[in-house]
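K.L.:
This is the structure, below, for whatever I ask next.
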Amino acid sequence: MDGKVLVAYGTKYGATAEIAERIGQVLRQAGLDAEVLPAERVGDVRAYQAVVLGSAVYIGQWRKQAAAFLKANEQALAGRPVWLFSSGPTGEGDPAALTQGWRFPTGLQPVADRIRPRDIALFGGAASVEKMNLIEKFMLKQVKAPAGDFRDWAAITAWAASIADALK
Ligand SMILES: Cc1cc2nc3c(=O)[nH]c(=O)nc-3n(C[C@H](O)[C@H](O)[C@H](O)COP(=O)(O)O)c2cc1C
């Protein structure tokens, strides 16, 4: 398929930006023209043939830039192949088991239902104590989530490869 593929993301501390960069890299290796951008820097979504959008999760919510992007571009996204991902749980094992099946914010689900994404993925995230403020450290303790990097690069790469396959 011709045309650019957008990989847009919402991040606070950069872990999700790196996931988006990896997805972009895999798409480019597969011969697609992929552009990776923070959600708030995307111009016209109609310039892209397909969109991958992901966000870090904080207390069950997507970053506001990613959520705003999803809502503002609902119509254009509904007319394109779209893939969504959340970058969240820290801890060993299946990310969806860590979140008891949660993979996407409840409040955004109606928008996603109208967009009808090809897939919604949940990847393990990375929480670094050095970067967090005191409140965030406290909150992470409250939810008993460990700090550390739990991003599964093999799972991320495989998911991106499946997107490339679908677009070729
Ligand atoms: C205060 C705080 C709250 C968090 N809340 C959630 C949550 O509700 N669900 C979840 O899956 N991950 C949660 N996380 C983990 C982050 O989503 C994860 O570390 C993410 O990969 C960070 O991405 P970023 O570096 O792009 O901001 C939380 C982390 C912090 C520090």
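The values are calculated or read from the model by the stated rules, or taken from the named source; none is laboratory data. In this text, all values refer to a predicted model and were calculated from it rather than measured experimentally. Counting neighbours? That spans all protein chains shown, and the Cβs are built from the backbone with ideal geometry, glycine included. The accessibility values were calculated without ligands, DNA or RNA, using every heavy atom of the protein model including side chains. Shrake-Rupley method; radii C 1.70, N 1.55, O 1.52, S 1.80 Å.
K.L.:
Using the charge dipole of the chain (Lys, Arg: +1 at Cβ; Asp, Glu: -1 at Cβ; taken about the Cα centre), state which of Ile156, Gly91, Gly24 has its Cα farthest towards the positive end.
P.N.:
Farthest towards the positive pole: Gly91.
K.L.:
So how far, in whole Å, is the C-alpha centre of segment 148-168 from the one of segment 119-139?
P.N.:
Rounded to whole Å, the Cα centres lie 20 Å apart.
K.L.:
Tell me the carbon and sulfur percent of the accessible area for segment 16-160, rounded to whole percent, probe radius 1.4 Å.
P.N.:
Taking all protein chains in place, segment 16-160 shows 52 percent carbon and sulfur surface.
K.L.:
I would also like to ask the following. Check Ala147: other-chain or 5+ apart residues with amide H under 5 Å from its amide H, H built from backbone geometry?
P.N.:
none
K.L.:
List the residues of segment 110-127 whose backbone N lies under 11 Å from a point placed 7 Å from the Cα of Thr157 along the Cα-to-Cβ direction.
P.N.:
none
K.L.:
Under the rule of -39500 (n - 2.57) per DSSP H run of 4 or more residues, summed and divided by the residues of the chain, what mean residue ellipticity at 222 nm is obtained, to the nearest 500 deg cm²/dmol?
P.N.:
The helix-only estimate for the chain comes to -11000 deg cm²/dmol at 222 nm.
K.L.:
Hey, another quick one. Under the rule that an exposed site lies in a DSSP loop and has at most 15 other Cβ atoms within 10 Å, name the longest stretch of the chain with no GluC sites (Glu not before Pro) of that kind, not counting the sites themselves.
P.N.:
Formally, the longest exposed-site-free interval is 1-91.
K.L.:
Using a Gaussian network model of the chain whose springs link C-alpha atoms within less than 10 Å, name the residue from Leu134, Leu84, Leu53 with the highest mean-square fluctuation.
P.N.:
Leu134
K.L.:
Helix check for the chain. Which DSSP H runs span at least 18 Å along their own axis by Cα, with a mean Kyte-Doolittle hydropathy no less than 0.0?
P.N.:
Helices passing the filter in the chain: 153-167.
K.L.:
Can you give the longest run of the chain that contains no chymotrypsin sites (Phe, Trp or Tyr not before Pro) sitting in a DSSP loop with at most 16 other Cβ atoms inside 10 Å?
P.N.:
Between the exposed loop sites, the longest stretch runs 14-101.
K.L.:
About its Cα centre, how strong a charge dipole does segment 114-168 have in debye, to the nearest 20, once Lys and Arg get +1 and Asp and Glu get -1 at the Cβ?
P.N.:
Using only the charged Cβ atoms, the result is roughly 240 debye.
K.L.:
Same structure again: Subtract the Cα-Cα distance of Lys141 and Ala166 from 0.36 nm times their separation in residues, and report this length gain in nm to one decimal.
P.N.:
Extra length from Lys141 to Ala166 when fully extended: 5.0 nm.
K.L.:
Let me ask something else about it. If you consider only alpha-carbon coordinates, what radius of gyration and Dmax does segment 52-168 have, in Å?
P.N.:
Just the Cα atoms of segment 52-168 yield Rg and Dmax of 14.9, 46 Å.
K.L.:
Something else now. Can you give me the accessible area per residue for segment 17-140, using a 1.4 Å probe, in Å²?
P.N.:
For segment 17-140, the solvent-accessible area averages 51 Å² per residue.
K.L.:
In the chain, how many lysine pairs have Cα atoms under 22 Å apart, counting only pairs 8 or more places apart or on different chains?
P.N.:
12
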